[in-house]
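Bear in mind these aren't lab numbers, they're just calculated from the coordinates by the rules spelled out. Keep in mind that what you see is a predicted model, and the values were worked out from it rather than measured. Here the Cβ is made from the backbone with ideal geometry for all residues, glycine too, and neighbour counts use every protein chain on show.
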């Protein structure tokens with residue numbers, strides 16, 4: 001199969017997927033995986049299609065086959081670990097991540113950062129907050145521009161009651177991703193811990209501007225206005241929160 005034919009087959013599979021013709025797309029991807037096992041895109045997209053179709057057993061089978069037959073086993077191992085995490089199978093996720101960590105020197109810089117980030121998420125979910133923070137800080141050392149990493153750091157610092165550090169991390173996150181509602185929400189939460197209600201309300205409003213459909217933001221802002229004795233404003237925000245999440 002020549003390169004042009006491969007490109008055409010991938011395009012056709014993607015078109016079928018966009019049109020909702022999943023079975024047609026799956027058939028093409030499976031043929032590509034079988035005939036050209038080193039074609040990583042086919043494995044990635046086939047797994048993604050099964051995930052969108054809510055077929056977790058098929059996702060697992062594809063990723064395991066890709067690890068065995070594909071050209072980038074480390075990448076597929078990381079993706080399988082993420083799949084296990086989403087499925088709540090943390091023991092399997094941990095084993096895979098540790099296996100990757102044993103090969104750390106051989107990993108690409110990108111995958112090293114992804115590995116540390118994944119460990120951080122896992123530890124955070126397990127309530128091992130100090131470990132989680134250390135993993136997230138390692139991500140920054142590996143890749144200072146890793147997407148939204150400072151939001152994760154702010155989140156874990158808030159959970160550890162390191163409010164001043166969390167505020168700094170949230171503001172770094174805003175500088176990195178000015179469009180992120182979460183960065184402004186985390187700033188507001190850190191300000192609340194210092195009873196800086198006016199600044200918190202401003203941060204929550206900035207968050208609402210970026211994600212007006214999230215009830216939690218409206219409620220948080222309403223509470224801040226209530227603390228400032230702006231009762232009419234508080235009522236409007238809390239009413240909106242209830243409308244979004246009755």
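Could you say which residue among 180, 206, 164 is more than 28 Å from residue 127 (Cβ to Cβ), within 28 Å of the chain's Cα centre (by Cα) and surrounded by fewer than 21 Cβ atoms within 10 Å (Cβ to Cβ)?
Criteria check complete, one pass: 206.
Across the range 77-117, which residue is nearest to the chain's Cα centre (by Cα) among those that are surrounded by 12 or more Cβ atoms within 10 Å (Cβ to Cβ) and not in a helix (DSSP H, G or I)?
87
Name the residue that is nearest to the chain's Cα centre (by Cα), counting only residues in the range 9-40 that are exposed (fewer than 14 other Cβ atoms within 10 Å of the Cβ) and not in a loop (DSSP other than H, G, I, E, B).
Top of the filtered list is 18.
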